[in-house]
Each structure stands twice: as C-alpha cells, then as structure tokens.
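Report on the structure given below.
The values are calculated or read from the model by the stated rules, or taken from the named source; none is laboratory data. Values in this document were obtained by computation on a predicted structure and should not be read as measured data. So basically every Cβ, Gly included, is an ideal-geometry build from the backbone, and we count neighbours across all protein chains shown.
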Amino acid sequence: DVGDLGCALYAGSGQKWLCGTEGTGMLYVAPELRDRLAAQLRGYGSYRDSSAGLDAELHPDARRFDVPVLAGFTLAGALHERGHDVLPRGETTLVTWRAADPEGEVARLAEAGIVVRFLPGRGVLRASVGAWNDESDLERLLAAL
C-alpha cells in the first residue's frame, strides 16, 4: 500500500522482477504531484480517449505517464540492417551480436557513455533493451557502432 509507505512516487519493473513481458511495470504518482509533472512521452494509453486526436485529454491518474516501449527486437533489427551478425534472442530483452574485438568495443562504447557487455570467450556483445530505454538510447548506440 503506497499510502502506508508515505511516498510521493513509486515505480517498479514488471518485466525484470515479476517475470512479466517487456514494457510491464507500475508507477504511482501521488495525486498532489500529477499536475506538476509533465508527461515526457505520450502513447495511446496516456489519454482518456486517444481517438479525440489533438483534443484528447490525459488521464487524471498515473496512466498519463505511460509511454510506448521499444522492444529488444527493435535494436536487433537495426543492428542486422547495418550488417551486424545478430544472434537469435529467444524470449528475452537481451540483444547479442558478434564483434571482432568485443572487449575493446565495450571500452570504446563506455567512453561514449553507452553500457553494453561482452561475454568472455564467445566473441559477442550484449545490450539489454527495456522500458528504461528510449529511441535516443538506441540511436546513440547505433551511431557509435
């Protein structure tokens, strides 16, 4: 009960710790803060009636902060289109691709503020893509590669 916690904001990832699908999670925003926070990205779920177009009104509760999620296959497809050898990903938000110098590539990307990891002895890099990423994160990674 967030009321018992006495918090103004509370968020949790359903995808990671509750074994939910990509993009699931929860957000509580105290009623007194809802009008003070701007919805940074808006999706269909942010509006009471998205079919109202430019006249659509945001939900009065935390649903106004719901955003579209970029699934892992978005990055996998973009990497593949750019000539990277992307490995099958299965039921995961991880995207894995081959690299000639994975350890060096991780260091180079880290200097650009991009965090990926390499799997020792396998010649691959791995990125985790989820609700915490937006399109600009993926664009930065692709530009750096």
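Below, the figures for the structure above:
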| quantity | calculated |
| --- | --- |
| Test for Gly12: is it assigned to a strand (DSSP E or B) and touching a residue at least 12 places away in the same chain (Cβ under 8 Å) | yes |
| Qualifying residue in segment 110-123 (condition: within 14 Å of Leu75 (Cβ to Cβ), assigned to a helix (DSSP H, G or I), out of contact with any Ser or Thr (no Cβ under 7 Å at 6 or more places or on another chain) and not basic (Lys, Arg)) | no |
| Count of segment 124-142 residues which are closer than 24 Å to Gly12 by Cβ and either in a loop (DSSP other than H, G, I, E, B) or more than 21 Å from the chain's Cα centre (by Cα) (or both) | 6 |
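Quick grid of which residues meet (1) at pLDDT 90 or above; (2) in a loop (DSSP other than H, G, I, E, B); (3) hydroxyl-bearing (Ser, Thr, Tyr):
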residue	(1), (2), (3)
Ala76	no, no, no
His80	no, no, no
Glu91	no, yes, no
Arg108	yes, no, no
